[in-house]
Amino acid sequence: MPRKSAAASQEEEKEKDTEEPVPASEKKEDEIDKLNRMLAAVLNYLSDDEVEEIDIEYLLTHTEGLREWWDQYRENNKKQIEEEIKKSLGSLSLEELESIREQIKEKKN
């Protein structure tokens with residue numbers, strides 16, 4: 001295998017050094033633009049007079065980035081859901097609690 005010349009190696013190092021990371025504000029703007037595009041696509045779909053029934057799966061499949069955003073959103077809210085469930089356990093009857101326990105056991109198996 002031929003070796004790279006010293007000049008070529010130095011040139012590559014200079015290129016690496018000149019590549020600057022994307023500033024946080026620019027990343028925020030990109031995220032906002034992405035969210036705006038997704039929102040616009042969803043609103044266009046919802047306002048279409050020909051759409052008689054809203055198909056969420058269609059929206060998730062045909063709106064670029066929406067499914068990934070939705071999955072991330074749901075994962076981020078998982079802790080909140082867990083807390084809401086914990087708080088509501090005290091008000092459930094014994095039968096309801098046993099039913100939940102059975103569902104959890106079935107899920108583990």
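The values are calculated or read from the model by the stated rules, or taken from the named source; none is laboratory data. These figures come from a predicted structure and were not determined experimentally. Positions of Cβ are backbone-derived with ideal geometry, glycine not excepted, and every protein chain shown enters the neighbour counts.
What the table shows:
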item	result
Count - residues of segment 31-85 that are of a type in the set (D, E, K, R), part of a helix (DSSP H, G or I) and more than 30 Å from Ile100 (Cβ to Cβ)	5
Identity of the residue in segment 86-109, out of contact with any helix residue (DSSP H, G or I) (no Cβ under 9 Å at 6 or more places or on another chain) and in a loop (DSSP other than H, G, I, E, B), that ends up nearest to Leu60 (Cα to Cα)	Asn109
Selected residue (only one of Lys28, Lys105 is at pLDDT 90 or above, surrounded by 10 or more Cβ atoms within 10 Å (Cβ to Cβ) and charged (D, E, K, R))	Lys28
Close pairs from segment 67-85: first over 13 Å from Lys34 (Cβ atoms) and surrounded by fewer than 10 Cβ atoms within 10 Å (Cβ to Cβ), partner aromatic (Phe, Trp, Tyr) and modelled with pLDDT of 90 or more, Cβ under 7 Å, at least 6 apart	none
Candidates Ser99, Ser91, Ser47 - the one that is free of Cβ contacts under 8 Å to residues at least 24 places away in the same chain and closer than 30 Å to Glu31 by Cβ	Ser47
